[in-house]
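Everything on this sheet refers to the single structure shown next.
The values are calculated or read from the model by the stated rules, or taken from the named source; none is laboratory data. Since we're looking at a predicted model, the values are computed, not measured. Neighbour counts run over all protein chains shown; Cβ positions are idealised from the backbone, glycine included.
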Amino acid sequence: MIPDLKYSQFNSYSILIEWKAIIDENVLEDVLRFKLCIEKEYIKEKVEVISTYNSILIVYNISIENVNTKISNLKALYSKLDKVKTLNTSTWKIPVCYHDDFATDLEGFSNKKKLSKAEIIKLHSGTIYTVFFIGFLPGFLYLGGLDSKLHFDRKITPNLNVKKGSVAIGGEQTGIYPQDSPGGWHIIGNSPIALFDSNSNPPCFIKAGDKIQFHPVSILEYSAIKESVEASKFNLSSLLV
């Protein structure tokens with residue numbers, strides 16, 4: 001367990017628990033194990049438990065009458081965390097096409113970083129990333145573990161329309177845009193995999209704590225996978241490592 005958690009009332013229906021504000025896998029594991037413990041403890045109350053890389057927000061279905069009692073109960077629950085089983089996580093190999101048709105910022109990124117396109121692709125696809133949390137957009141994965149050679153400030157002027165599936169780098173992180181949206185990250189490729197489907201349960205098949213590795217594919221392979229995905233014939237289990 002990681003000590004010195006901060007408990008506070010967020011609003012009349014919720015309590016916020018915060019860890020040290022760092023991107024760290026040990027902190028993430030502690031967050032996710034506590035989240036699992038809370039969900040099991042309050043399953044009958046149907047509370048909503050939302051996690052980020054260093055916090056948990058617990059939203060109760062009725063207003064909180066005594067916040068001190070709620071916080072005391074949560075602290076007692078956290079003290080039992082050692083009894084919680086190891087998290088059940090998966091590793092996914094996500095296909096990415098780094099072709100110039102998709103990698104609209106790769107050449108500029110290459111020039112500014114003084115790395116060849118091949119070097120960037122090798123570094124980007126040669127790392128196993130950790131999913132720290134999902135947010136910004138439904139299915140947008142915040143990934144930790146990007147090689148420091150690829151760290152690069154976000155764009156000063158964001159793009160108004162980043163295409164669905166765009167694989168991008170922003171700051172110290174990389175990610176995939178799950179739908180068309182504005183965005184200020186540098187686009188270096190595209191994945192044909194749909195990360196969010198409102199008709200599926202769960203809508204996002206990847207969860208916080210999972211691992212991701214990008215797998216370079218040709219434009220022909222990309223097209224074949226995309227066609228299979230759009231026809232609802234693609235088997236997501238084929239991505240499991």
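Take the residues in segment 59-81 that are part of a helix (DSSP H, G or I) and charged (D, E, K, R); name whichever of them is surrounded by the fewest Cβ atoms within 10 Å (Cβ to Cβ).
Result: K75.
Quick one: is K85 modelled with pLDDT under 95, basic (K, R) and in a loop (DSSP other than H, G, I, E, B)?
It is true that K85 is modelled with pLDDT under 95, basic (K, R) and in a loop (DSSP other than H, G, I, E, B).
Determine whether I56 is outside the structural domain of Y177 (by TED's automatic domain parsing) and either touching a helix residue (DSSP H, G or I) at 6+ places or on another chain (Cβ under 7 Å) or in a loop (DSSP other than H, G, I, E, B) (or both).
yes
So which residues in segment 103-130 are hydrophobic (A, V, I, L, M, F, W, C) and either modelled with pLDDT under 95 or within 15 Å of G183 (Cβ to Cβ) (or both), if there are any at all?
A103, F109
Looking at L115, L137, L146, which is the one that is touching a residue at least 40 places away in the same chain (Cβ under 8 Å) and of a type outside the set (S, T, N, Q)?
L137
Here is a list: S116, S110. Which entry is in contact with a helix residue (DSSP H, G or I) (Cβ under 8 Å, 6 or more places away or on another chain), closer than 23 Å to Q213 by Cβ, surrounded by 16 or more Cβ atoms within 10 Å (Cβ to Cβ) and not assigned by TED's automatic domain parsing to the domain that holds I22?
Going through S116, S110 in turn, the sole match is S110.
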